[in-house]
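The values are calculated or read from the model by the stated rules, or taken from the named source; none is laboratory data. Here the structure is a predicted model, which means the values were calculated and not measured. When we count neighbours, we look across all protein chains shown, and the Cβ atoms used for this are built from the backbone with ideal geometry, even at glycine.
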Amino acid sequence: MKADWERRKQYWLFRWKDYGVGYLFMLPWIIGFCSFVAFPVGWSVFNSFHKITITADGFQYTWVGLDNYRHMLFENSAYPIILITYFQQMLIIIPLILIFAFFVALLLNQRFPGRGFMRMVFFLPVIFATGQVVIELFSQGAGELPFMEQYRVKELAERFFGGWVEDAVVNVLQQAIIILWYSGVQILIFIAGFQTIPKTLYEAIRVDGASPWESFWKITFPWMIPFIGLNAIYTIVDLFTFPFNPVLEIVSRNMFTATTGYGYASAMAWLYFLLILILILFALWFTYRASKKGGYAR
Amino acid sequence: MRLAETAKRLRLEAEDRLSSRTAQRVKRFVLGQNLNDGWLAKVIILAMLTVIAYLYLNPLLEMISTSLKSLSDLIDPVVGLIPREIDLHNYIDAWKGLRYPEAFANTLFLASIGSVFQVFSCAMTGYALARLNFPGKRLFLLLTIVTFLVPPQITIVPLYMIYHELGFLHTPFVIFIPALLGQGVRGALFVLIFRQFFLAQPKALEEAAKMDGASVFRLYFRIMLPLAGASCLVVFLFSFIWYWNMHYEATLFLSQGFTPLSIRLESLEMELIGNRALSFGEEGAKDPVSEGPRMAAAFLIILPPLIVYLIAQRWFTEGIERTGMVE
């Protein structure tokens, strides 16, 4: 009996030594996760229910409950309006990036001379399209599509859409090129995705007498749906630090405003995150549904 | 007589057939067997891509052209993309305004040390998630992905408070410590790249090393990490570029004292007014006097990563394919 117990103990000791090495390798990440992700997220929730004042001996927390949120939503309604406007823009930006990236990837996936060079060109903006440089370029009016004024896109949008759609469309078009600069990684993911389609599928469908148009919609597109979903999520994440993301500036400005402070700024960030989460879940759900329907459960 | 006629007919037929075969060959050459491998298709694809690429890179070209224009060229609407004469004056202004050598050294220091730390920590985490065995591995993988999805807006406020308490604000530690702990810029993505690489390695390697009595650490540092050299390079390059361009975190955590290039661009005009008695218009306006130096400064900022990209271009494009997101 005792020997059995001893053996068990030895066994677990051995197993945990094994596990211990694993945890040791994970240790830096775990510390980092706790101190720079989990703890800040928790603190951020805590902050958003408090009013924080800075006194001589550190931060002073006063419990205000949902006051920050109520204030943000009902009393000072500027922020929700900005947020909604930005989300309307995002609903246009994301499909725009996805369609552009898909189209360019489709072209880049063909064989033609100078393919390597073209790939390089379309990835180039990833290298420099960030932050201040982009804002600087945009303030010089360099982000507009050159034919915007020529074809009176503004008037066209006005006639066809009207209301908020028009504003959002015009706004997006004014930043069109800079927005498309955020599609470099997506293009590469699509190209890599195309490589995973077995060539035999195309051969089979050609033998069956399908046209290239049909083979695109019957094979290429359904196969790529998971990649489209992946890219949608990547795009959403990439837009967190998009230089025209108004939330960035508002949150950091309210941090240092005496009347609002850290608590209010945290509440603002959470409202933003909740909307983002809805968007991400929607993208996941959509991908799941579509890929199930296409018959490629991956 | 009849024989001659038949022969003639046959010859004509053969000729006809031959010419139609050449025609077919030409047709195949131009249009191709499939939709996408003919000569015509290639020309169309190339033409389309060229047009898109031109539109795509137009802001960049405009930036370079503006930065090389003298003031009179900038004001003159006749002068298009190509300046009448190349004027390096803007670059001198920008160099002074950014205090380029110092800011360059700061940014280089931040980006290179930060990315080395990140390679180190992310490789370790990726290895653990791929090859080591411990309870809760799936949970950790899930949490890694979650860290990718949490917007920086959420954590920025508490992080500011944490760094403030620790006294890290406006020192390079705000970059180095998270990088060393696997939480730097897009750390989750890099962990996934390494995990994917280590997953693809043969199990026999580990078994052989274990047989020979090597510890896990020895195995990792002597065998696995050197094997992952290419992945390390990919991660290093991406990390370097993203740290170099880091702007949002930098505006909050590094806005004074130890400032990288991206912050200096904002204060460029102030610097220039101090340096030379230039009169600038309102902010954001298309002011020709400040436009040149600003574009020159922007170009000076993106030049180093651009050079890195041109040299190491292959690894960048391969890098994405290695992430394993594509599985």
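Just one residue in the set B:D93, B:D73 is assigned to a helix (DSSP H, G or I) and in contact with a Lys or Arg (Cβ under 6 Å, 6 or more places away or on another chain); that residue is B:D73. Yes or no: segment A:175-185 includes at least one residue that is farther than 21 Å from A:L91 by Cβ and either in the same structural domain as A:I94 (by TED's automatic domain parsing) or assigned to a helix (DSSP H, G or I) (or both). Scanning segment A:175-185 turns up at least one residue that is farther than 21 Å from A:L91 by Cβ and either in the same structural domain as A:I94 (by TED's automatic domain parsing) or assigned to a helix (DSSP H, G or I) (or both). Only one entry of B:Y243, B:Y220, B:Y248 meets the criterion of being over 30 Å from A:L248 (Cα atoms), buried (at least 21 other Cβ atoms within 10 Å of the Cβ) and touching a helix residue (DSSP H, G or I) at 6+ places or on another chain (Cβ under 8 Å), and that entry is B:Y220. Does B:I302 qualify as being modelled with pLDDT of 75 or more, of a type in the set (A, V, I, L, M), on the phi < 0 side of the Ramachandran plot and in contact with a Phe, Trp or Tyr (Cβ under 7 Å, 6 or more places away or on another chain)? So B:I302 fits the description; yes.
Take the conditions more than 9 Å from chain A (Cβ to nearest Cβ), modelled with pLDDT under 80 and surrounded by 17 or more Cβ atoms within 10 Å (Cβ to Cβ) and apply them to B:E269. Does it pass? So B:E269 fits the description; yes.
Elements of the type helices (runs of 4 or more DSSP H) sitting completely within segment A:19-130 and holding at least 2 residues that are of a type in the set (A, V, I, L, M, F, W, C) and more than 9 Å from chain B (Cβ to nearest Cβ): these cover A:78-108. Among the helices (runs of 4 or more DSSP H) confined wholly to segment B:147-217, which include 1 or more residues that are of a type in the set (K, R) and in contact (Cβ under 8 Å) with a residue 24 or more places away in the chain? Those helices (runs of 4 or more DSSP H) span B:187-199. Only residues that are more than 7 Å from chain A (Cβ to nearest Cβ) and touching a residue at least 12 places away in the same chain (Cβ under 8 Å) were counted in segment B:132-145, giving 3.
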